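We did not get these values from a lab; they are worked out from the coordinates using the rules stated. None of these values were measured; they are calculated from a predicted model. A quick note on method: Cβ atoms are made from the backbone with ideal geometry, for glycine too, and the neighbour counts reach across all protein chains shown.
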Amino acid sequence: MGAAFSKPELTCVRSGRSDADQRALDLNLDAYRHGIVTYVTVLTLQLQTVQARQQLEQALSGQIIDLIKLYKALGGGWQIPPDVARASSPQ
């Protein structure tokens, strides 16, 4: 799945999956409260929802890391100018 999508597209797909899993969990929690599904079903959906959220966060952090690499490759640095460092340090 990952090879077919660019990172922004993959993030979008994972976001949609996370949202869909959350909706399915909400529906199944309601069904559980009404005795329609078992608690094991709810637990399974909770696990899927957490995994989808973790995958989404991994995709987002991958995009951030790529932006940092690009920034550094283009000559950007992470040094704080001395006057800013002095102004933000505790007195």
Footprinting exposure proxy for 40, 50 (fewest neighbouring C-beta atoms within 10 Å first): 40, 50
Stretchable slack from residue 43 to residue 22, in nm (0.36 nm times residue separation minus alpha-carbon distance): 6.3 nm
Restricting the range 1-66 to chymotrypsin sites (Phe, Trp or Tyr not before Pro) in coil, as DSSP defines it, with at most 14 other Cβ within 10 Å: 5
